[in-house]
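The values are calculated or read from the model by the stated rules, or taken from the named source; none is laboratory data. Since we're looking at a predicted model, the values are computed, not measured. Using ideal geometry, Cβ is built from the backbone for each residue, glycine included, and neighbour counts are taken over all protein chains shown.
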Amino acid sequence: MNISGNTVFLPGATSGIGLALALRFQAAGNTVIIGGRRTDRLEQLAEEHGFATVSIDTTDPASVLAARDEVLAAHPDLDVLIAMAGIMQTEDVSGGDFLQVAEQIVDTNINGPLRLISAFIEHLTSRPDATLVTVSSGLAHVPLAGTPTYNGTKAFIHRFSESIRLQLAGTSVKVVELVPPAVQTELTPGQSTREGYLPLDDFADEVMSIFESQPDVREVLVERVGFLRYAEVEGRYDAAVAAVNAH
């Protein structure tokens, strides 16, 4: 996609990767709408940065549809959707009481993006040049033992992205998969300062550089995530699993 001149909607952009990308897309000359559940935080970000905002809870189908209607009424030229919704929690399946957490992760990480895509795809296909960005993870390719459902949801997003790219090949919609490595955000407690994780600003800068230099990119892979993304095809899978789980 072009790096500027778009109208971009980022639900789940009140912090972390979503907010970092929203700021950079705005700085690159795009109109940016951010979404989230916390209206006080949305108001703060609108005041500080001039974002358009919309309240949205991607685990609530009615909220997604209401947000779509609000966004498209105000921004009928919307041509980029970045489906940022995602949570990560640890689980211990040996106890048998992990199901509630697992279902919450699935509802956010799988059903959330599905609801967003379902809500916006008809509009996106009506645009002359549109982009749908999904967000998976390096853990879709190399699992972390403590987060089995999170790993599985991101593996789903990867394969789903590959599949809908084939379905949408004859339309105006490009499907781009963003594949973060371990980034310093508050996705999990203490992660924003965890040593060895990629600093958020470095990650976001590299992502934007890839978008700018590779307008036809299908997978946005920063250098750090290649260790995970290609572990199996390069015959390094067992070693990569051991490395990821050593900490």
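Quick notes
- Flag if H247 is part of a loop (DSSP other than H, G, I, E, B) and either touching a helix residue (DSSP H, G or I) at 6+ places or on another chain (Cβ under 7 Å) or without any contact (Cβ under 8 Å) to a residue 60 or more places away in the chain (or both): yes
- Among the residues of region 96-110, those that are of a type outside the set (A, V, I, L, M) and buried (at least 19 other Cβ atoms within 10 Å of the Cβ) comprise T108, N109.
- Within region 113-138, the set of residues being out of contact with any helix residue (DSSP H, G or I) (no Cβ under 7 Å at 6 or more places or on another chain) and part of a loop (DSSP other than H, G, I, E, B) comprises R127, P128, D129.
- Filtered residue count, region 161-193, keeping only those that are within 17 Å of I105 (Cα to Cα) and buried (at least 18 other Cβ atoms within 10 Å of the Cβ): 1
- The condition of being under 13 Å from M88 (Cβ atoms) and either in contact with a strand residue (DSSP E or B) (Cβ under 6 Å, 6 or more places away or on another chain) or modelled with pLDDT under 95 (or both) does not hold for S161.
- Condition check for R229: within 30 Å of D79 (Cα to Cα), at pLDDT 95 or above and surrounded by fewer than 19 Cβ atoms within 10 Å (Cβ to Cβ): no
- Tally, over region 129-154, of residues that are crowded, with 22+ Cβ neighbours inside 10 Å, of a type in the set (S, T, N, Q) and touching a strand residue (DSSP E or B) at 6+ places or on another chain (Cβ under 7 Å): 2
- Just one of the listed residues (T53, T90, T134) is under 21 Å from S161 (Cβ atoms) and touching a Ser or Thr at 6+ places or on another chain (Cβ under 9 Å), and it is T134.
- From the options T59, T108, T53, residue that is among the polar types (S, T, N, Q), under 19 Å from N30 (Cβ atoms), modelled with pLDDT of 95 or more and out of contact with any Lys or Arg (no Cβ under 6 Å at 6 or more places or on another chain): T53
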